[in-house]
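The values are calculated or read from the model by the stated rules, or taken from the named source; none is laboratory data. For clarity, every value in this text was computed on a predicted model and none was experimentally measured. Cβ coordinates were reconstructed from backbone atoms using ideal geometry, including for glycine residues, and neighbour counts include every protein chain displayed. In case anyone asks, the SASA skips ligands and DNA or RNA and just uses the protein heavy atoms, side chains included. Shrake-Rupley method; radii C 1.70, N 1.55, O 1.52, S 1.80 Å.
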Amino acid sequence: MRTFDFIVIGSGIAGLSFALKAAEKGSVALITKRGRSESSTAWAQGGVACVMSGEDSFDLHIRDTLTAGAGLCDEQAVRTIVTEGPSAISELMSLGVHFDVRDNGNGASELDLGREGGHSKRRILHFQDATGLEIETRLLESIASHPSIELLENHMAIDCITTGKLGYAMQNSCVGVYVLNEATGEVETLRSDVTVLASGGCGKVYLYTTNPDIATGDGVAMAWRAGAAVANMEFIQFHPTCLYHPEIKSFLISEAVRGEGGILVNERGRRFMEHQHPQKELAPRDIVARAIDAEMKRSGAKCVYLDITSKPPEFIKSRFPTIYETCLRAGLDITRDPIPVVPAAHYQCGGVKTDLFGETSLRGLHAIGEVACTGLHGANRLASNSLLEGVVMARRAFEKITSKLREPVDISLPEWRSGSVQDADELVVVSHNWDEIRRLMWDYVGIVRTDKRLKRAATRLRNLHTEVQEFYWNFKVTRDVLELRNLVTVASLVVDCALSRKESRGLHFTLDYQERDDARFLRDTIMRRI
Ligand code: FAD
Ligand code: SIN
């Protein structure tokens, strides 16, 4: 057993921002399940929403966030995160993060603020179309060789260790984590009174997603198993515009492309957002994704098209170099051709329920970033609010945790016990079950839902759960089995939350209850393990 002052699970914006601060107060184990930069953060394109111009105001950003959230945002959370944004951004800049600037017309430079769906003002700080990579790179540089941070790559957190499960007669608390070291295949026991989940989202639960492979919902599944409350998992955000291409999976075409004038057209070249919403292509994401879904179902087409060809080629190449180059490699010149796009699972608006300091309902366990549900996003996240949330909440969690640090309680944790053999059948069953979960979630729990499809999904998931548990308990654990176990748990949480919401709101749209029902459902969906 190794003991640390802080265990941080995840090396995206939330985990790195927290670890960097925590390292000034004590020893940090920074666990990340693949290479250090593998995260949604590194893939973020559009940027960070933040009030940075005199033409904007906190009230407008708050109003836009509340409008997108369809009545379910926690207004206090929105106000706090929005108003603390500018100072968190200054901190990122002081670590060397660059955001694009432009000439203000008077010979001086000012931030080049982008526009995205649901925003009434230009307020997206960006670095070309690779903002997340810029942030991830600078944060990783800042933590590199920090003497108090032990970065454990290719280490996968399996489960929280709780006093309840150990049989201690005290308030149930998280006192450490079991972690699979992929290099040795051994499970290590890490002890700390402070465990911070910063493990990102769960896009891989769906067949089509913009998310990287790490996004298997591990944090939500771990917190759930440990007894922490989980909220609002029915609100899965589908990004309207993922590149539709046979060889390139999961490549996002940023909303910023629409922000700079890109229009959506169908297979006959007809624009279809004009009659859907006053903001047309820049309507909130749930509306655009549903309109595309309806257009594809109506026409039977496999995709729609995003057309930015009205803009000068030089502008497109300099503002969207990553998108331009990637599409060009796929044989598509976006300065001349419309881009084939489809919606894909993108963001988990719900998650481990926390307060405004990242505290979960389980003592000692904190959650920040996409894994958490603070109340900022409600039923639908406003574009580019998540990087903002990650960096602000890391700081808030750090301040609260370190304001009440105590000497660690003297507890000895048992070593992990698992089966020692590998099952010969494992590979095929694991990959089959992975595919089955992702396809059934796509087909039955997608953009448009019905009770019948949700119930069918629930039944299949129950069977899959039994099969996966058998692997988990009887054989040596591998990353694939552990991820599968988490996927099935998270998929079930999405379905159970969706089944319990008998109305349509934000990202949860069901044909059986097409109206919003404030009298019964103006509340979070909270799930706790019985
Ligand atoms: P992540 O950045 O996803 O990091 C999670 C970390 O946890 C990873 O290091 C992962 O390996 C690790 N991990 C996971 N499970 C385990 C485990 N069991 N054990 C150990 N480690 C684990 N948001 C915006 O605000 N603006 C944007 O422009 C934007 N663009 C996006 C574009 C794309 C393509 C995608 C996918 C998302 C985008 N988002 C955007 C959303 C945003 O990027 C994420 O919500 C945010 O980066 C999440 O940060 P995080 O630190 O919470 O998690
Ligand atoms: C994008 O660039 O379209 C992604 C923005 C986001 O998900 O917040």
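What to note about this one:
- When S148, S173, S412 are compared by accessible area of protein heavy atoms, the largest-first order is S412, S148, S173, using a 1.4 Å probe.
- Taking all protein chains together, Y244, Y208, Y347, Y444 sort by accessible area into Y208, Y244, Y444, Y347, largest first [probe 1.4 Å].
- Candidate aspartates and glutamates - alpha carbon under 16 Å from K302, same-chain residues fewer than 8 apart omitted: E247, E267, D293, D443
- Pairwise centroid distance, computed over Cα atoms, of the stretch 138-185 with the stretch 389-415, Å: 12
- Rounded to the nearest 10 Å², the accessible area of C160 at probe 1.4 Å: 10
- Ordering H155, H126, S173 by the projection of their Cα atoms onto the charge dipole of the stretch 107-238, which places +1 on the Cβ of Lys and Arg and -1 on the Cβ of Asp and Glu, puts S173 at the extreme positive end.
- Estimated FRET transfer efficiency when R0 is 45 angstrom, pair D333-N104 (beta carbons, to 0.05): 0.90
- Partner aspartates and glutamates whose Cα lies under 17 Å from the Cα of K476, excluding those fewer than 8 positions away in the same chain, are identified as D159, E182, E186, E188, E415, D423, D425, E426, E467.
- Applying a threshold of 27 Å to the alpha-carbon distances of K204/K297; K353/K400; K280/K452; K121/K311; K249/K317 flags K280/K452 as lying beyond it.
- All other residues whose Cβ lies under 13 angstrom from that of S109 are scored, Lys and Arg at +1 and Asp and Glu at -1, for a net of -3.
- Here is how the number arises for the chain: DSSP H runs of 4 or more residues each give -39500 (n - 2.57), the sum is divided by the residue count, and the result at 222 nm is -11000 deg cm²/dmol.
- Directionally averaged shadow of the stretch 336-379, computed from the convex hull of its alpha-carbon atoms, nm²: 4.7
- Where only alpha carbons of the stretch 391-530 are counted, the Rg and the Dmax (Å): 20.0, 54
- Farthest toward the positive end of the dipole of the stretch 340-444, out of P343, G358, W442, is the Cα of G358, where the dipole comes from beta carbon charges about the Cα centre.
- Placing +1 on the Cβ of every Lys and Arg and -1 on the Cβ of every Asp and Glu, with nothing else charged, gives the stretch 24-175 a dipole about its Cα centre of roughly 380 debye.
- Taken per residue, the accessible surface of the chain reaches 39 Å², heavy atoms only and a 1.4 Å probe.
- Given charges at beta-carbon only (K, R positive; D, E negative), |dipole| of the stretch 94-233 in Debye: 620
- On a per residue basis, the convex hull of the C-alpha atoms belonging to the chain measures out at 153 Å³.
- Surface share of carbon and sulfur [accessible, 1.4 angstrom probe, percent] for the chain: 50
- The order of F251, F320 by accessible area, most exposed first and with a 1.4 Å probe, is F251, F320.
- Computed about the Cα centre, the dipole magnitude for the chain is approximately 1240 debye when only Lys and Arg (+1) and Asp and Glu (-1) carry charge, each at its Cβ.
- The chain - share of DSSP beta bridges that are antiparallel (%, nearest 5): 65
- At the residue level, E91 shows approximately 70 square angstrom of accessible surface with a 1.4 angstrom probe and all protein chains present.
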